[in-house]
Amino acid sequence: MLYAHTQEGAPQSEWQLLSDHLAAVERLAARSSAAFGAGEWGRIIGRLHDIGKCNPKFQMRLTGESRKHADHKGLGASLLDGLGTGFGRIGAYCVAGHHGGLPDYSHSKNKRSLRQVIAEAITLPDDVENPLAAFVEPGLPFVPEDGFACSFFTRMLFSVLVDADFLDTERFMTPGKHAWRVPGPSMYELATALDKRLAAFDSLGRINGLRAEILAHCRNKAPLVPGLFTLSVPTGGGKTLSSMAFALDHARHHGLRRVIYVIPYTSIIEQNARVFRDVFRDHPGAVIEHHSTFDPRHAFSEADNAGETDEARRHRLACENWDAPVVVTTSVQFFESFFAAKPSRCRKLHNVAGSVIILDEAQMLPVEYLDPCLRALEELTDHYGCSVVLCTATQPALRREDFAANRRAGRTPGLTGLNAERELAPEPDRLHEAFRRTELRDLGKLALPAVAQLMRKPEQVLCIVNTRARAAELYGMVEDEPGACHLSALMCPAHRSARLDEIRRKLKEGEPCRVVSTQLIEAGVDVSFPEVIREMAGLDSIVQAAGRCNREGEREGTAPVSVFFPDEGLGRAFGAQAEHTASVLRNLDAGADPFSPAAIRHYFRLHYWLQDSLDRKNVLADLNSLDLEWRFQEAQHKFRFIDNPMQPVIIPWNDRARKLIDNLRYVENPGGLLRELQQYTVQVYEGQLRALDHAGAVEWVADTYAVLCRMEHYDDRLGLTVPGEWRGEDFLI
């Protein structure tokens, strides 16, 4: 007998047979890969993935006769690569990496390249039948135009194998856990629930009438052939529900499987996920919220002392492989996963096939990774049955005419550009005029004390600056004014949420409210000030800032949004965007609107095409080999939306945080606690953490987790304060 898995304390007769495991993974992998036309590929790699467990040394390890490591991946990879075909090489990558991660073909830093795994593989024992007997090679489900398409397909197939292997192993090893995986509601059920919500939609008033028009137009476009779409809706135009309505109708019309909502900021994710969870409240498990600061207590009822609630447990399991009808996640989680090599990061990717992907605030795709991001989207729409909606008030310049103009300059990102007829909103230029509630004023150069003086005049005003350090400095100049408060990412998420609730109350009740914030307030935070002041930045950021001003048209006519260049200078991370904005403003015709779609397109053309590279780290080169000699590990290392390493510091901000920290000292498996503690965590640069540690302000719980132990370094007004003069330039908010 050959075995795949043992059960602690169980007799050998109850162990899982290798043949049973291979057959189950083969079946699961075939079913999952069929979603993108590769069912036969999934079936074969499922059959081969653990064939190396026939190694007598591995069987001795299972029975306890030996404790020596015995590789079980190399044999399957070797058999596949030995076919000498593209199919064989692709399958070999998947099998070789299904535990440790997709390998580089050669020269791997961890000395586990595909070549080395194959070279060190055992040969097939004489008494074991070759699983490739009577093998017929399946063809690719598409015609590969370049190496990237093939490497992308390899990662999707790898995802299928990893998930199938995890699921069958879980079914055998922890059947109780596996039983919690239950199917979610159908697209039809969710669309019906949304219809009920929209039936109560208030279309009275000019703004609500425009929102109703946008909604109806989106829904009428649902029968269009799947592919790439734009949804260009001004701030306050109701794009969250309109985009979801299109997605569900489109999915229902074309038999798509799920909706994936991709958002740049966790603050917007939490807000949108609450909206969706409320809409689909009669369908538990409809929505999963997958990001680092998710707190299940805010979404589900409180767990008792025994652990998670049933719904929280199902949510956690669904986050492992995105097996849910609606997924709300971050841009970082979404795009980094498509360039990852780790099994845990890639496991969910196959469930993206056949989805409607809504990229909210699409203009925030990082320009230095624009080529790789667009190539991933192109693959999903061309070969994996996806529709992608670029959803924003400031649509980036990704249309065919934008690309054609810059192709002549030798700059061509991955996509050929978007067609205008794929726009889901009715007449974006007309909508912009109809929603126009602000006007831009250029204040020129101002020193911070002059900006502080401007903030003292109105009773309610929001001032947004580019860095945490500048926000703290400006706040210090106005903190003696009535209603002065400060927002930045140096405050833990729970603290920021409480502060935002206080700001909304003051605005609603007409109390003084003078807010200094970093740009975290710009996108998706539902507040409305009568006046906004903004440090010069990218035009898209200024438009987003304007979206926090006169949001519901409370003020007759237009409200002022003023921009200034700080005398103290812009940080180098913001200089290029600010110069591109200044160029657009200088070249506007007299009386032209600087927030118009035409001005935004002009800005993005400058912003994208004056860059040295739209793939700054040359990620695509690692994945583009037509010889199938890819560098998956290298690409994973390079593709990081946030370059500067950040470290978490846990803040004992309230009684709940202190209780969780106490539990962290003794718990054996801290995963659930750490997820809750994200609500009480501040990310800092390594140098800042060293400064806190040197000052004795940090306690290392379990020698691993940095916990602030001197609360004099956490100011209720400013958040975390770092001792000394460490003021590294602040690229985050």
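The values are calculated or read from the model by the stated rules, or taken from the named source; none is laboratory data. Everything numeric here is computed off the predicted structure, so don't read it as measured data. Methodologically, a virtual Cβ is constructed for each residue, glycine included, from the backbone with ideal geometry; neighbour enumeration extends over all protein chains shown.
Among the residues of the range 522-533, which ones are over 11 Å from residue 551 (Cα atoms) and at pLDDT 90 or above? Scanning the range 522-533 gives 532, 533.
Apart from one condition, residue 590 fits all of (1) buried (at least 17 other Cβ atoms within 10 Å of the Cβ); (2) without any contact (Cβ under 8 Å) to a residue 12 or more places away in the chain; the exception is (1). When restricted to residues that are without any contact (Cβ under 8 Å) to a residue 60 or more places away in the chain and either touching a strand residue (DSSP E or B) at 6+ places or on another chain (Cβ under 6 Å) or aromatic (Phe, Trp, Tyr) (or both), the range 620-646 contains 1.
Among residues that are exposed (fewer than 15 other Cβ atoms within 10 Å of the Cβ), on the phi > 0 side of the Ramachandran plot and modelled with pLDDT under 95, residue 107 is included.
For the range 45-80, the set of residues classified as closer than 25 Å to residue 163 by Cβ and in contact with a strand residue (DSSP E or B) (Cβ under 7 Å, 6 or more places away or on another chain) consists of 50, 53, 62, listed by residue number. Filtered by the rule that a residue be under 29 Å from the mean Cα position of the chain (by Cα) and farther than 16 Å from residue 33 by Cβ, the range 127-148 gives 144, 145, 146, 147, 148.
Matching residues to (1) at pLDDT below 90; (2) of a type in the set (S, T, N, Q); (3) part of a loop (DSSP other than H, G, I, E, B); (4) in contact with a strand residue (DSSP E or B) (Cβ under 8 Å, 6 or more places away or on another chain):
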residue: 261; (1), (2), (3), (4): no, no, no, yes
residue: 267; (1), (2), (3), (4): yes, yes, no, no
residue: 273; (1), (2), (3), (4): yes, no, no, yes
residue: 283; (1), (2), (3), (4): no, no, yes, no
residue: 298; (1), (2), (3), (4): yes, no, no, no
residue: 307; (1), (2), (3), (4): yes, no, yes, no
residue: 317; (1), (2), (3), (4): yes, no, no, no
residue: 324; (1), (2), (3), (4): no, no, yes, yes
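If you filter the range 692-720 down to residues that are surrounded by fewer than 18 Cβ atoms within 10 Å (Cβ to Cβ), hydrophobic (A, V, I, L, M, F, W, C) and touching a Pro at 6+ places or on another chain (Cβ under 9 Å), you find that the one that is modelled with the lowest pLDDT is 702. Of the residues contained in the range 396-416, none is found to be farther than 14 Å from residue 234 by Cα, exposed (fewer than 13 other Cβ atoms within 10 Å of the Cβ), at pLDDT below 65 and in contact with a strand residue (DSSP E or B) (Cβ under 7 Å, 6 or more places away or on another chain).
When we screen 194, 204 for residues that are over 30 Å from residue 18 (Cβ atoms) and surrounded by 13 or more Cβ atoms within 10 Å (Cβ to Cβ), the only hit is 194. Set side by side, the residues 6, 85 differ, and just one is within 26 Å of residue 113 (Cα to Cα), over 30 Å from the mean Cα position of the chain (by Cα) and among the hydroxyl-bearing types (Ser, Thr, Tyr), which is 85. Of everything in the range 27-38 that is part of a helix (DSSP H, G or I) and hydrophobic (A, V, I, L, M, F, W, C), the residue that is surrounded by the most Cβ atoms within 10 Å (Cβ to Cβ) is 29.
Restricted to the range 585-652, the set of helices (runs of 4 or more DSSP H) holding at least 1 residues that are at pLDDT 95 or above comprises 619-622, 632-638.
Checking each residue in the range 518-551 for being closer than 15 Å to residue 455 by Cα and buried (at least 21 other Cβ atoms within 10 Å of the Cβ) picks out 529, 531, 532, 533, 534, 535, 549. Could you please give the count of residues in the range 645-681 that are over 14 Å from residue 704 (Cβ atoms) and out of contact with any Phe, Trp or Tyr (no Cβ under 6 Å at 6 or more places or on another chain)? Going through the range 645-681 one residue at a time, the tally reaches 16. Right, residue 123: over 28 Å from residue 9 (Cβ atoms) and surrounded by fewer than 24 Cβ atoms within 10 Å (Cβ to Cβ) or not? Yes. Among residues of the range 168-182 that are of a type in the set (Phe, Trp, Tyr), those with a beta-carbon under 8 Å from a residue that is surrounded by 11 or more Cβ atoms within 10 Å (Cβ to Cβ) and assigned to a helix (DSSP H, G or I) at least six positions away or on a different chain give the pairs 172/21; 180/310; 180/313; 180/314; 180/317.
Suppose the filter is buried (at least 20 other Cβ atoms within 10 Å of the Cβ), modelled with pLDDT of 95 or more and over 30 Å from residue 198 (Cα atoms); does residue 338 pass it? In short, yes.
Residues that are out of contact with any helix residue (DSSP H, G or I) (no Cβ under 8 Å at 6 or more places or on another chain) and more than 21 Å from residue 496 (Cβ to Cβ) were ranked within the range 645-671; the one that is surrounded by the fewest Cβ atoms within 10 Å (Cβ to Cβ) is 668.
When residue 204 is tested against (1) in the same structural domain as residue 351 (by TED's automatic domain parsing); (2) in a loop (DSSP other than H, G, I, E, B); (3) within 17 Å of residue 354 (Cβ to Cβ); (4) not hydroxyl-bearing (Ser, Thr, Tyr), just one condition goes unmet, and that condition is (3). For the criterion of being in contact with a Cys (Cβ under 6 Å, 6 or more places away or on another chain), modelled with pLDDT of 90 or more and surrounded by 18 or more Cβ atoms within 10 Å (Cβ to Cβ), residue 515 passes. When 13, 78, 66 are screened for being surrounded by fewer than 17 Cβ atoms within 10 Å (Cβ to Cβ) and assigned to a helix (DSSP H, G or I), only 13 passes. Look at residue 355 and say whether it is closer than 26 Å to residue 238 by Cβ and either touching a strand residue (DSSP E or B) at 6+ places or on another chain (Cβ under 7 Å) or at pLDDT 90 or above (or both). Taking the combined requirement at face value, the residue satisfies it. When the residues of the range 128-169 are filtered to those that are surrounded by fewer than 16 Cβ atoms within 10 Å (Cβ to Cβ) and among the acidic types (Asp, Glu), the one that is farthest from residue 630 (Cα to Cα) is 129. Every condition in (1) closer than 25 Å to residue 117 by Cα; (2) outside any helix (DSSP H, G or I) is met by residue 41 except one, and the failing one is (2).
Taken over the range 450-488, the residue count meeting the criterion of being hydrophobic (A, V, I, L, M, F, W, C), surrounded by 22 or more Cβ atoms within 10 Å (Cβ to Cβ) and not in a helix (DSSP H, G or I) is 6. Checking each residue in the range 536-579 for being of a type outside the set (A, V, I, L, M, F, W, C) and within 27 Å of residue 262 (Cα to Cα) picks out 538, 540, 541, 544, 547, 548, 550, 551, 552, 577. In the set (1) modelled with pLDDT under 90; (2) touching a helix residue (DSSP H, G or I) at 6+ places or on another chain (Cβ under 8 Å); (3) of a type in the set (Lys, Arg), the condition left unmet by residue 345 is number (1).
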